Amino acid sequence: MKGLMMDYQLTIPTILRRAETLFGKKEIVSRMPDKSIHRYTYRDFALRTKKLANALHQLGVKQGDRVATLSWNHYQHLEAYFAIPCMGAIVHTLNIRLSPDDLTYIVNHAEDKIIIVDQVLLPLLEKFKSKINVSNIIVIPQTGEKIADEYLNYEEVVASGDASEFVSFEGDENTAASMCYTSGTTGRPKGVLYSHRSIMLHTLGCGVGISEQDIVLPIVPMFHASAWGFPFVCTFFGATQVFPGPHLDAENLLDLYETENVTITGGVPTVMLNVLNKLDENPKRYKLSLNQALIGGSAVPRFLVKAFDERYQIKVLQGWGMTETSPVASTAALTSQLLNSSKEDQYTYQAKQGLPLPLVEIRGRNEDGFIPWDGATMGELEIRGPWISSSYYRDMEPEGKFTSDGWFKTGDIVTINEEGCIEIKDRSKDVVKSGGEWISSVALENTLMGHSTVLEAAVIAVPDEKWMERPYAYVVPKEGKTVSAEELKEFLSDKFAKFQIPEGFAFVEAIPKTSVGKFLKSALREKYAQEHK
Ligand code: ADP
């Protein structure tokens, strides 16, 4: 119709063009596997990205082909993040923490054409290389050792590309741009395809408050769920990016925060807990510019929010999401009403999962139908929006994950309060159903982890003749500390009803974790079953 706005497609090359033309002098810093620091500018990044795109084209990559990456967070991975979709292909991030079996399955299922791999991760690829069928393996040189003749050298590939011959993808915004498989805690991993449009809208709408002034260090891996969108957001807004490579221990992270004057970081609670503990060992040691930590991936314990704010003036912004939701779908940014409340009320709010982002809609449902928004009734969260999956790649085992009226069933059990604030109580497979009542394992864990002697705690449901299920806690004491089950029961008693208090406690050296650092409760359930035959 005459008089309307332009038909401007929301595609990833828009981000690359903007970064190149507006932020050419800004820096991208990477800690490499050998711990050396690499620095270059967005101008260098854009040039190399175009060369890589052109080189991939010369290697026969066509629109819609999948090009996989098996890489840590660093500048070459960022180049692949942009070069591949900017030439119309699909960047498929492989999760380096999955088993060789799962990786074989994923590469074959996605029919990846080329894999770009870190030299330090080549031993992992070599475990399953014979079972996959790709036309080229491109190795990013990192160790100084010669790259075997059967592989291409990433730097030589980039050098062979001609930036002036780069042909930018100018197709439909609803074309696939990137791809990630779920980590498959139950069943086979499932493929999630992100379109140019969904990435662009998520980039604009994920509400993490990054601006050109920020210096951002994403700890969350670029090999899972697009590092929560950080690479796209930072590049679009021209923030300085600082990549930690494979060095994710608290000491290395804090060192980078300090030397690079990082202002925003993002990671899962377990990693951020390590950072907090390291800071606490010697609170005056680091001079930090950090003012915000985006934490998500599993529930953020309230004490973590409080400790970062009170002791180090670092604001925690909790985000909730999943691979299927691009991933950020809600954040617990303080509302105007809360700005005038006490700090304690603010911390309580920040420990919830917050409000759905603009363009994201939510509802909850249980056996009785849609749950009321009363902050008390629990139900499964359903969600829809332009960056939420509508199906899995090649329609694999949908398992009733999508409703007939177009909503995605998250598998998360939540309450929603009258303001629309989500509180995740559990994953549906982890919730404890005791005598007809649901007990939130997450609430128990987060309270236990607030005890001065407890480093980590995970609660599972165990079978019980009378109550069907009872909660049972696995607890890791802090180094040099001991604590008894009685003390912990006493500690929980004024915060939980009697029936919610764990039936038993086991003290262990570590909680098994998933590939992305979450508690692996299936392993604990197996352990319990083994020990209680
Ligand atoms: P998977 O581990 O299956 O690949 P994701 O990495 O996509 O899944 O993780 C998604 C799940 O992580 C969510 O369904 C939810 O259970 C959990 N999760 C993510 N963020 C939060 C959060 N802020 N609080 C509680 N749980 C969270």
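The values are calculated or read from the model by the stated rules, or taken from the named source; none is laboratory data. Being a predicted model, the structure only gives us computed values, none of them experimental. We place every Cβ from the backbone using ideal geometry, glycine too, and count neighbours over all the protein chains shown.
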Problem - Filter pass, ASP368 being farther than 24 Å from SER178 by Cβ and modelled with pLDDT under 95 - result: yes
Can you confirm whether ALA458 is of a type in the set (A, V, I, L, M, F, W, C) and surrounded by 22 or more Cβ atoms within 10 Å (Cβ to Cβ)? yes
Of the residues in the range 232-259, those that are assigned to a strand (DSSP E or B) and not aromatic (Phe, Trp, Tyr) come to THR240, GLN241, VAL242
Turns out the strands (runs of 3 or more DSSP E) fully within the range 305-380 with at least 2 residues that are in the same structural domain as ARG285 (by TED's automatic domain parsing) and among the charged types (D, E, K, R) are 361-366
Note: among GLY420, GLY450, GLY436, GLY400, just one is on the phi > 0 side of the Ramachandran plot and in contact (Cβ under 8 Å) with a residue 60 or more places away in the chain, namely GLY420
Per the filter on the range 312-370, residues surrounded by 15 or more Cβ atoms within 10 Å (Cβ to Cβ) and free of Cβ contacts under 8 Å to residues at least 12 places away in the same chain are LEU338
Counting only residues that are touching a Phe, Trp or Tyr at 6+ places or on another chain (Cβ under 6 Å) and either touching a residue at least 40 places away in the same chain (Cβ under 8 Å) or part of a strand (DSSP E or B) (or both), the range 504-531 contains a total of 4
Matching residues in the range 210-231 (in a helix (DSSP H, G or I), of a type outside the set (Phe, Trp, Tyr) and within 10 Å of the chain's Cα centre (by Cα)) number 4
In the range 251-269, anything crowded, with 18+ Cβ neighbours inside 10 Å and not aromatic (Phe, Trp, Tyr) is listed as LEU253, LEU254, LEU256, GLU260, VAL262, THR263, ILE264, THR265, GLY266, GLY267, VAL268, PRO269
Within the range 32-55, residues in contact with a helix residue (DSSP H, G or I) (Cβ under 6 Å, 6 or more places away or on another chain) and among the charged types (D, E, K, R) come out as ARG48, LYS50, LYS51
Being in contact with a strand residue (DSSP E or B) (Cβ under 6 Å, 6 or more places away or on another chain) and outside any strand (DSSP E or B) narrows VAL271, VAL262 down to just VAL262
Pairing a residue in the range 480-503 that is farther than 17 Å from ALA443 by Cβ with any residue that is surrounded by fewer than 11 Cβ atoms within 10 Å (Cβ to Cβ), where Cβ atoms lie under 8 Å and the two sit 6 or more apart in sequence or on different chains, gives LYS481/SER452
In the range 478-512, anything surrounded by 11 or more Cβ atoms within 10 Å (Cβ to Cβ), farther than 24 Å from LYS466 by Cα and among the aliphatic types (A, V, I, L, M) is listed as VAL483, VAL508, ILE511
Restricting the range 415-432 to residues that are out of contact with any Phe, Trp or Tyr (no Cβ under 9 Å at 6 or more places or on another chain) and part of a strand (DSSP E or B), the one farthest from GLU380 (Cα to Cα) turns out to be GLU423
With the first residue restricted to the range 208-230 and required to be at positive phi, and the second required to be in a helix (DSSP H, G or I) and within 11 Å of the ligand (Cβ to nearest atom), Cβ contacts under 7 Å at 6 or more apart or on different chains are ALA225/THR323
Looking at ALA46, is it without any contact (Cβ under 8 Å) to a residue 40 or more places away in the chain and under 24 Å from the mean Cα position of the chain (by Cα)? no
Of the candidates THR240, THR259, the one satisfying the condition of being away from the ligand (no atom under 16 Å from the Cβ), touching a Lys or Arg at 6+ places or on another chain (Cβ under 9 Å) and among the β-branched types (Val, Ile, Thr) is THR240
